[in-house]
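Okay, structure first, notes after.
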Amino acid sequence: MAVGALSSGCIELPDKLFSCSTDGDCEGVGRDGTAYVCRDTLCVQPGPGPVPDSGTDGGGDGGNDAGPDAGPVACPDEPALMPCTSDGGWCWDNPLASGSGLRAIRGRSESDILAVGENGVVLSWDGTCWNRSRAGKQSQTLSGIWPAPGPGWQVVGINGTLLRSEDGGWVEDKLGTVTLRDISGGSDGSAFAVGSSGTLHRFVDGGWGTQSSGTSVNLTAVAAVSRNEAWAFAENGDILSYDPTFGWNRESASGVALTGAVRHPDGKPLAVGTGFLVRWVGGLTPGWRKSGIGPSTTRLNGIWHDSGRTWIVGEPGSIYQEDGGTEPSGTAQVLNSVWSQGEKAWAVGESGVIVQRTGSSWAEAPGGVVRTVHGLWSSSDGLWAVGDRGLIMRRVGGRWSTVAPPEQNVFRDVWGSGNVLWVLGESGRVYAYRDGRWTTELPGDTLTALWGVGPEQVWGVGPGGVIRRRNANGTWDTEPLNGGSSFGFNAIWGSSATELWAVGTGGNVYRRDPACTAVSCTWLKQTVTPATTAGFNDVWGTPSGKVWAVAGGGDIYHYNGSTWTNQPISGGNPGLLALTGRSESELWAVGANGSVVTGDGNTWTLQIVTGGRALGTVVVAGDTVWAGGLDGTIIKHQ
């Protein structure tokens, strides 16, 4: 019985065009305000790669004028300096910060921005692309940035670290041994750096000197006006001011755990901490005043002011403004720092997230996308990734770009054949992309995984022992089981319609009847020896009939064509979530804590490669193996 039908045309949602229009344009913006451009018939977020030319006016832009439309400029094919495992086998590909938290961002202009963070990460934005720089050491956490006069930068961090950019490279100096938290420069080329235990340094006339702050409290932020005027802010709420005659003095006790500060155009600073904005107020009763920002327990980490607008970042969900207004942050991650120029703004935070404000909304930017990846698929037009909160990305030319999703959904899996790509959403929806358009199909049940053996033969599996087969007209039918249905399927794989396997909870393994030649066939329950109640999370095999299945308890089972056996893992038994292979002697399984298990068909060896971030999907694409998972992690092995 048919339970779903192919919808007509493109999925209609307000203010969103998912595929390019007939004149090669992405008209308007998405529901979230993110601007999109046309590339290879898809509307994608501005980023790497050339914009297709579909125009006839000689302008190379598909428009009616002689000049280029706004669009991306090609980035370098591969992001440089991405870290790899000690044996050089697995390398990070997303995010650019390789999962390290970003602590600070500052800029000179829209095309000259720097972000720094944990593990010595330094990222630079040139107006087109984010790129890594060879700067800090892996043992260094960098937490403050000063755009020094001229083209140079100075960066401070753990254990007195001071990095200076010179002649296209970086030079490391030391300002003592105490961790430095922030650095700020004045209009005259001076600067101040602050840190733990009341540490204070001043930069004047080309050199750094140590100053006495008069306190042993940790200083977390500094705002400098000139060599003779600056403020420092402490984690206990103290505010210190600098006078060239009397030095540093405790000016106020705000009662707020202060974390970030910025100089306001009126000459006085703004500072933020837990639940409050603190600023100087003049008049008849001058002094420091605090005003609530969000709930009183809201952790606020960073602040910036430019062009009459103040941005405040911290806990996930919202970006605050001085007047009490908020905008959705575009990410589920904690944000630590923000910088803006005019209407454009950028913020960075945990797990290497980068969000950018374009138009009137914030969204994760290419290179800083950290939504969990649930599925990977390799096709003739690039590598695809799908995941949480509407995540669809495509990797072309060595860089990832976000693709406008058919809706803001959680996408659980992706599979393709020929010129068709299917993306599995929640609420019983499957989205198909073909000929530049998204269509929606309704199988009638919530599904957890997709697989097919050609563009006209696709299956989905899900809770309750559900197996759905897609018909050529876009409808989906149920295929029966010869066992019970009080379990859920987690994965499906096959090399042909007579070599299809599905696995799930409770140690259940089913095979589509290999003797069946009808359109609809029964799935047969398999006997797994030794018996297990562990849930199988994925399955993969070869056309010759050899099959492997992985379980959350770390078990790997192998079917040799007649019986199932348990194969041991050398080095431990991690919870395994996904499985793939190139041949029966080249296999990979991934799972909890960033574990990767490599197999030769008989034996398996454990590696830990992502610093503890769980991996939930893995796919082979030519000579490269790709794995993805928590916090946007995507790694590769060549």
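Scanning the stretch 443-489 for residues that are of a type in the set (D, E, K, R) and within 22 Å of residue 377 (Cα to Cα), which turns out modelled with the lowest pLDDT? Talk me through it step by step, then tell me what you get.
To start, the set of residues in the stretch 443-489 that are of a type in the set (D, E, K, R) comprises 445, 456, 468-470, 477, 479.
Retained after the next criterion (residues that are within 22 Å of residue 377 (Cα to Cα)): 456, 468-470.
Numbers: 456: 85, 468: 95, 469: 95, 470: 93.
Per the criteria, the residue is 456.
Find all pairs meeting these conditions: Cβ atoms under 9 angstrom apart; at least six residues apart or on different chains; first residue within the stretch 313-329 and more than 21 Å from residue 102 (Cα to Cα) and touching a residue at least 40 places away in the same chain (Cβ under 8 Å); second residue of a type in the set (Phe, Trp, Tyr) and surrounded by 15 or more Cβ atoms within 10 Å (Cβ to Cβ).
Matching pairs, first to second residue: 322/311.
Give 271, 230, 224 a once-over and let me know the one that is assigned to a strand (DSSP E or B), under 21 Å from residue 319 (Cα atoms) and open to solvent by less than 20 Å² (accessible area, probe 1.4 Å). So that I can check it myself, show each step before the final result.
Values: 230 fails: under 21 Å from residue 319 (Cα atoms); 224 fails: under 21 Å from residue 319 (Cα atoms).
Going through 271, 230, 224 in turn, the sole match is 271.
Looking only at the stretch 377-391, count how many residues are open to solvent by less than 10 Å² (accessible area, probe 1.4 Å) and in contact with a Ser or Thr (Cβ under 7 Å, 6 or more places away or on another chain).
1
For the stretch 98-153, which residues satisfy the criterion of being more than 21 Å from the chain's Cα centre (by Cα), of a type in the set (D, E, K, R) and part of a loop (DSSP other than H, G, I, E, B)? Explain how you work it out, then say what you get.
At the first step, the residues of the stretch 98-153 found to be more than 21 Å from the chain's Cα centre (by Cα) are 107-112, 134-137, 139-140, 144-153.
Now narrow it down to the ones that are of a type in the set (D, E, K, R): 108, 110, 112, 134, 137.
Listed by number, the residues that qualify are 110, 134, 137.
If the requirement is being in a loop (DSSP other than H, G, I, E, B), in contact (Cβ under 8 Å) with a residue 12 or more places away in the chain and surrounded by 21 or more Cβ atoms within 10 Å (Cβ to Cβ), which of these qualifies: 554, 601?
Matching residue, one of 554, 601: 554.
If the Cβ limit is 9 Å and pairs must be 6+ apart or interchain, which residue in the stretch 215-234 that is of a type in the set (Val, Ile, Thr) pairs with which residue that is buried (at least 19 other Cβ atoms within 10 Å of the Cβ) and not in a strand (DSSP E or B)?
Once the first residue is of a type in the set (Val, Ile, Thr) and sits in the stretch 215-234, its partners that are buried (at least 19 other Cβ atoms within 10 Å of the Cβ) and not in a strand (DSSP E or B) give 215/198; 217/198; 225/186.
Residues to consider are 189, 214, 209, 169; find the one that is more than 26 Å from residue 243 (Cα to Cα) and out of contact with any Ser or Thr (no Cβ under 6 Å at 6 or more places or on another chain). Break it down into steps so the answer makes sense when it comes.
On the way: 189 fails: more than 26 Å from residue 243 (Cα to Cα); 214 fails: more than 26 Å from residue 243 (Cα to Cα); 209 fails: more than 26 Å from residue 243 (Cα to Cα).
Answer to the selection: 169.
Give the stretch 135-152 a look and list any residue that's open to solvent by less than 20 Å² (accessible area, probe 1.4 Å) and either touching a residue at least 24 places away in the same chain (Cβ under 8 Å) or closer than 18 Å to residue 337 by Cβ (or both), or say none.
Step one: list which residues in the stretch 135-152 are open to solvent by less than 20 Å² (accessible area, probe 1.4 Å), which gives 140, 142, 144-146, 148, 152.
Matches in the stretch 135-152: 140, 142, 144, 145, 146, 148.
Would you confirm, using the coordinates I've provided, whether residue 371 is in a strand (DSSP E or B) and of a type in the set (D, E, K, R)?
Numbers: in a strand (DSSP E or B): no; of a type in the set (D, E, K, R): yes.
For residue 371, the condition - in a strand (DSSP E or B) and of a type in the set (D, E, K, R) - is not met.
All but one of (1) within 30 Å of residue 625 (Cα to Cα); (2) open to solvent by 10 Å² or more (accessible area, probe 1.4 Å); (3) at pLDDT 70 or above; (4) not aromatic (Phe, Trp, Tyr) hold for residue 117; state the number of the condition that does not hold.
All conditions pass for residue 117, except number (2).
Write out, first by first residue and then by second, each pair whose Cβ atoms fall under 6 Å of each other, whose residues are 6+ apart or on separate chains, and whose first residue, in the stretch 287-302, is at positive phi while the second is open to solvent by 50 Å² or more (accessible area, probe 1.4 Å).
Pairs that qualify, where the first residue is at positive phi and the partner is open to solvent by 50 Å² or more (accessible area, probe 1.4 Å): there are none.
Within the stretch 249-268, which residues are surrounded by fewer than 21 Cβ atoms within 10 Å (Cβ to Cβ), in a strand (DSSP E or B) and among the hydrophobic types (A, V, I, L, M, F, W, C)?
The one that is surrounded by fewer than 21 Cβ atoms within 10 Å (Cβ to Cβ), in a strand (DSSP E or B) and among the hydrophobic types (A, V, I, L, M, F, W, C): 253.
Could you identify the single residue in 396, 370, 423, 414 that is over 27 Å from residue 488 (Cβ atoms), β-branched (Val, Ile, Thr) and open to solvent by less than 10 Å² (accessible area, probe 1.4 Å)? I'd like the intermediate steps shown before the answer.
Numbers: 396 fails: open to solvent by less than 10 Å² (accessible area, probe 1.4 Å); 423 fails: over 27 Å from residue 488 (Cβ atoms); 414 fails: over 27 Å from residue 488 (Cβ atoms).
Going through 396, 370, 423, 414 in turn, just one is over 27 Å from residue 488 (Cβ atoms), β-branched (Val, Ile, Thr) and open to solvent by less than 10 Å² (accessible area, probe 1.4 Å): 370.
Restricting attention to the stretch 319-342, report how many residues are open to solvent by 20 Å² or more (accessible area, probe 1.4 Å) and either touching a helix residue (DSSP H, G or I) at 6+ places or on another chain (Cβ under 9 Å) or under 19 Å from residue 278 (Cα atoms) (or both).
Qualifying residue count for the region: 10.
It is to be established whether one or more residues within the stretch 289-300 are of a type outside the set (Lys, Arg), outside any strand (DSSP E or B), closer than 23 Å to residue 96 by Cα and open to solvent by less than 10 Å² (accessible area, probe 1.4 Å). Explain how you work it out, then say what you get.
To start, the set of residues in the stretch 289-300 that are of a type outside the set (Lys, Arg) comprises 291-298, 300.
Checking the rest, the ones that are also outside any strand (DSSP E or B) come to 293-298.
Now drop any that are not closer than 23 Å to residue 96 by Cα, which leaves none.
Among the residues of the stretch 289-300, not one is of a type outside the set (Lys, Arg), outside any strand (DSSP E or B), closer than 23 Å to residue 96 by Cα and open to solvent by less than 10 Å² (accessible area, probe 1.4 Å), which makes the answer no.
Hey, among 270, 180, 258, which residue is within 25 Å of residue 103 (Cβ to Cβ) and touching a Leu at 6+ places or on another chain (Cβ under 7 Å)? First the steps, then the outcome.
On the way: 180 fails: touching a Leu at 6+ places or on another chain (Cβ under 7 Å); 258 fails: touching a Leu at 6+ places or on another chain (Cβ under 7 Å).
After applying the criteria, what remains is 270.
So if I check each of 345, 332, 271, which one is of a type in the set (A, V, I, L, M), touching a residue at least 40 places away in the same chain (Cβ under 8 Å) and over 27 Å from residue 402 (Cβ atoms)? Before the answer, list the steps.
On the way: 345 fails: over 27 Å from residue 402 (Cβ atoms); 332 fails: over 27 Å from residue 402 (Cβ atoms).
Just a single option satisfies the conditions, and that option is 271.
How about the stretch 442-470: which of its residues are of a type in the set (S, T, N, Q) and either part of a strand (DSSP E or B) or over 21 Å from residue 540 (Cβ atoms) (or both)? Can you show your working first?
Of the stretch 442-470, the ones of a type in the set (S, T, N, Q) are 446, 448, 457.
Within the stretch 442-470, 446, 457 meet the criteria.
A quick yes/no check of all residues on (1) more than 17 Å from the chain's Cα centre (by Cα); (2) at pLDDT 95 or above; (3) within 19 Å of residue 78 (Cβ to Cβ); (4) among the hydroxyl-bearing types (Ser, Thr, Tyr):
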residue	(1), (2), (3), (4)
368	no, yes, yes, no
372	no, yes, no, yes
377	yes, yes, no, no
397	yes, no, yes, no
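Restricting attention to the stretch 604-631, which residues are buried (at least 19 other Cβ atoms within 10 Å of the Cβ), assigned to a strand (DSSP E or B) and either among the small types (Gly, Ala, Ser) or in contact with a helix residue (DSSP H, G or I) (Cβ under 8 Å, 6 or more places away or on another chain) (or both)?
615, 616, 627, 628, 629
The values are calculated or read from the model by the stated rules, or taken from the named source; none is laboratory data. Everything numeric in this text was worked out from a predicted model, so none of it was measured. Positions of Cβ are backbone-derived with ideal geometry, glycine not excepted, and every protein chain shown enters the neighbour counts. Quick note on the areas: whole protein, heavy atoms, side chains included, nothing else; ligands and nucleic acids left out. Shrake-Rupley method; radii C 1.70, N 1.55, O 1.52, S 1.80 Å.
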